[in-house]
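First the structure, in the form of structure tokens, and then the observations on it.
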Amino acid sequence: MAPRALIYGVAVGAALFHLYAAGVSPFTALVQRPVHLALMSILGFVGIGVGTWRRRAAVEGSDGAAVPPRKVVKYVVTAVLVGAVLFSCGYLVFQHETLVRRAGAATGVDLVAGAVAILVVLELARRATGWGLVSVALLAIGYAVAGPYLPGLLAHRGYGFTRLVEHLYLSTEGIWGVPLGVSADFVYLFVLFGAVLEAAGGSELLVALAARVAGRTRGGPAKTAAVASGLMGSLSGSAVANVVTTGALTIPLMKRTGFSPHFAGAIEAAASTGGQLMPPIMGAGAFILATWTNIPYIQVAGAALIPALLYYVALFAAIHFQAGKRGLVTEDDQQVRPVLPRIHLLVPLAVIVALLAAGRSPMRAAFWGVVAATVATLVGGATRFGWGRAADALVAAARGTVQVAAACAAAGIVVGVASLTGIGLRMSEFIMVFSGGHLPIALVLTAMGSIIIGMGLPTTAAYVVLAALGAPALTELGVPLLAAHLFIFFFGCISNVTPPVSLAAYAAAGLAGARPMVTALTAMTLASAGFVVPFVFVYVPELLLIDATAVEVVIAALTGAVGVTAMAGVAIGFTLRRLAVWERVLLAVAALGLFHPGIATDVVGIALVALTFRQRQPRNSGSRANP
């Protein structure tokens, strides 16, 4: 079977399997998750989701020419890896009932299949995400084995090969745990939903809608990018993919209206990163967080709403101030496609939101969303597409899920070792010791750890690792469970624009033709609210709708909005006019006052904002006429 036919065949099979499980009859965890991983692994090992898929690979060697030896080796390695996937995952699927009955008495074949599965997961993660997550997983395995030889709080009894493989492969505590379950149950379906809408012109619709909302204001194209990327990012779950999708449309618009290349790229990177914070889907983060904490999804999405809006308020303010600083005028001609021919593509989004709000499971909501999206694409001529594009949409859905599945499976190894050894509790003890039990220091340490780990991992994987290692310390210090998990989730997301890695910023720099590091530093500045808002909602839980009245929520939201606007003014050095150094200092103090809970600090903060936002009178103004 030619590679191209194999890719299309597996992509179609993945769609049919997941849709059947979601809409007809669900499978047990030890069937659904191994089949999901097998499908994604096959695609990953043949190149989908881990690099550029070149169509010419589909026809290499078909013209009678000799295949280069390097290609032969590559094909052999790929065949071996695919065979290993089919063996390890298929063994569990067909033998899971027998394995459950003899739990704790693994045979030699069980252990071989488990060892093969672990190696396959590590190799897939290496190809899909790089060495960052693989290094963490290998350190975790090493920690499980070396426990008796470690000092102090790190020491534990240690676990041998048999016990480790049993825990990671023959149970739902390791590879087949909650992270991969979320990928198998929710992520693929939502990525498929987004792929169907994208094939029908969904990104053009969102950009056009965003242009209608913000396009006719100062800095309109940049605000359009922020709105469109927020909407798309909530669906895609990948800041880099979001940059490439919407940035191809918005970055040229921003550059054409006067924004410098690095600033245009930074806006797109910051906006795409924030999409993962935006309900209702949060790039599948809402479902992972809800499943991990056992908090209802609707409560998670509601709690994340105000912090996400504050992030975008700050970004909008920074765009507006930068446009004013550069003297950019309102741009009426946005060069976007009309809205009406594609407006019906909003119906599937409404279907998903309505079902989630009604308490239906995310899996079932995603299923009906895909069905509604498919029907919607057939309604109008502008959105209808043929079998070729439909097949490409299935491949795109698989491509978008491979990295997530690989990351979740490898993160499952880390989580499995954490549950086996109790390292999560030990990490909490470390944070408690180094912070001296002081919450501000513990928050800083956790934030730093979240950013460092998040730099090398996909957001979902970073969150899962940190949920097992860092969140318990915060809850022990009195932080509400939901606030603690949203705290680490925010910083895991914001690592996409935090140098030196800054993957989203580097992707945007490539599209904008700008220097990568300058773009990354600018994006980090624009996303500065993402570094502050998590600290604020820990101390002001009203922002998360936790034990608060409507009045308290409104006050917290309004003062927070003024505070992040002040932060944007400090970052840009401009509000209604250019700011002197002392005015930027006053504005920074005002922001701190508005973030601090209390009426007195709010009043002082608002007064300082009013002082620095005033229009400075020209020096020669007065009653005397000019000579």
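Points to keep in mind about this one:
- Filter pass, Pro472 being surrounded by fewer than 23 Cβ atoms within 10 Å (Cβ to Cβ) and in a loop (DSSP other than H, G, I, E, B): no
- Pairs where the first residue, in the stretch 377-405, is at pLDDT below 75 and the second is surrounded by fewer than 16 Cβ atoms within 10 Å (Cβ to Cβ), C-beta under 8 Å, 6+ apart: Arg384/Leu378
- Candidates in the stretch 261-303 are the residues that are open to solvent by 20 Å² or more (accessible area, probe 1.4 Å) and closer than 23 Å to Gly327 by Cα; of these, the one that is farthest from the chain's Cα centre (by Cα) is Pro261.
- Picking from residues in the stretch 511-520 that are touching a residue at least 24 places away in the same chain (Cβ under 8 Å) and open to solvent by 50 Å² or more (accessible area, probe 1.4 Å), the one that is farthest from Thr446 (Cα to Cα) is Gly513.
- Flag for Val444 being out of contact with any Ser or Thr (no Cβ under 9 Å at 6 or more places or on another chain) and either closer than 29 Å to Gly152 by Cα or touching a residue at least 24 places away in the same chain (Cβ under 8 Å) (or both): no
- Cβ separations smaller than 8 Å between residues 6+ apart or across chains give the following pairs from the stretch 129-148 residues that are of a type in the set (Ser, Thr, Tyr) to residues that are surrounded by fewer than 18 Cβ atoms within 10 Å (Cβ to Cβ): Tyr143/Leu150; Tyr143/Leu154.
- The residue that is farthest from Ala125 (Cα to Cα), among those in the stretch 447-465 that are open to solvent by 10 Å² or more (accessible area, probe 1.4 Å) and in a helix (DSSP H, G or I), is Met448.
- Some residue of the stretch 251-261 being out of contact with any Pro (no Cβ under 8 Å at 6 or more places or on another chain), at pLDDT 85 or above, closer than 23 Å to Ser502 by Cβ and part of a helix (DSSP H, G or I): yes
- Failed criterion for Ile48 (all others in (1) at pLDDT below 80; (2) in contact with a helix residue (DSSP H, G or I) (Cβ under 6 Å, 6 or more places away or on another chain); (3) surrounded by fewer than 17 Cβ atoms within 10 Å (Cβ to Cβ) hold): (3)
- The stretch 265-295 - residue that is part of a loop (DSSP other than H, G, I, E, B) and touching a residue at least 60 places away in the same chain (Cβ under 8 Å) and, of those, nearest to Gly247 (Cα to Cα): Gln276
- So Ala350, is it modelled with pLDDT of 80 or more and out of contact with any strand residue (DSSP E or B) (no Cβ under 8 Å at 6 or more places or on another chain): yes
- Boolean, Ala484 is among the hydrophobic types (A, V, I, L, M, F, W, C), part of a helix (DSSP H, G or I), crowded, with 23+ Cβ neighbours inside 10 Å and over 17 Å from the mean Cα position of the chain (by Cα): yes
- First in the stretch 81-96 and modelled with pLDDT of 95 or more, second anywhere and not in a helix (DSSP H, G or I), Cβ under 8 Å, 6 or more apart: none
- Some residue of the stretch 425-443 being open to solvent by 50 Å² or more (accessible area, probe 1.4 Å) and under 23 Å from the mean Cα position of the chain (by Cα): no
Yes or no, residue by residue, for (1) open to solvent by less than 60 Å² (accessible area, probe 1.4 Å); (2) under 28 Å from Leu503 (Cα atoms); (3) not aromatic (Phe, Trp, Tyr):
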site	(1), (2), (3)
Val85	yes, no, yes
Ile118	yes, yes, yes
Glu123	yes, yes, yes
Ala128	yes, yes, yes
Pro148	no, no, yes
His156	yes, no, yes
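- Looking across the stretch 99-158 at every residue that is basic (Lys, Arg) and assigned to a helix (DSSP H, G or I), the one that is farthest from Val402 (Cα to Cα) is identified as Arg101.
- Contacts under 7 angstrom Cβ, first residue in the stretch 157-173 being touching a residue at least 24 places away in the same chain (Cβ under 8 Å) and hydrophobic (A, V, I, L, M, F, W, C), partner outside any helix (DSSP H, G or I) and buried (at least 22 other Cβ atoms within 10 Å of the Cβ), 6 or more apart: Leu168/Gly174; Leu168/Ile175
- Every residue from the stretch 417-427 that is touching a Gly at 6+ places or on another chain (Cβ under 8 Å) and at pLDDT below 80: Met427
Condition check ((1) in contact (Cβ under 8 Å) with a residue 12 or more places away in the chain; (2) open to solvent by less than 40 Å² (accessible area, probe 1.4 Å); (3) polar (S, T, N, Q); (4) in contact with a Cys (Cβ under 9 Å, 6 or more places away or on another chain)) across all residues:
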site: Ala523; (1), (2), (3), (4): yes, yes, no, no
site: Ala529; (1), (2), (3), (4): yes, yes, no, no
site: Phe535; (1), (2), (3), (4): yes, no, no, no
site: Val538; (1), (2), (3), (4): yes, yes, no, no
site: Thr559; (1), (2), (3), (4): yes, yes, yes, no
site: Val562; (1), (2), (3), (4): yes, no, no, no
site: Gly569; (1), (2), (3), (4): yes, yes, no, no
site: Arg578; (1), (2), (3), (4): yes, no, no, no
site: Arg584; (1), (2), (3), (4): yes, no, no, no
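The values are calculated or read from the model by the stated rules, or taken from the named source; none is laboratory data. These numbers come from a predicted model, not from an experiment. Quick reminder, even Gly has a Cβ in these numbers, built from the backbone with ideal geometry, and neighbours come from all protein chains shown. Areas reflect the complete protein model, heavy atoms only, side chains present, ligands, DNA and RNA absent. Shrake-Rupley method; radii C 1.70, N 1.55, O 1.52, S 1.80 Å.
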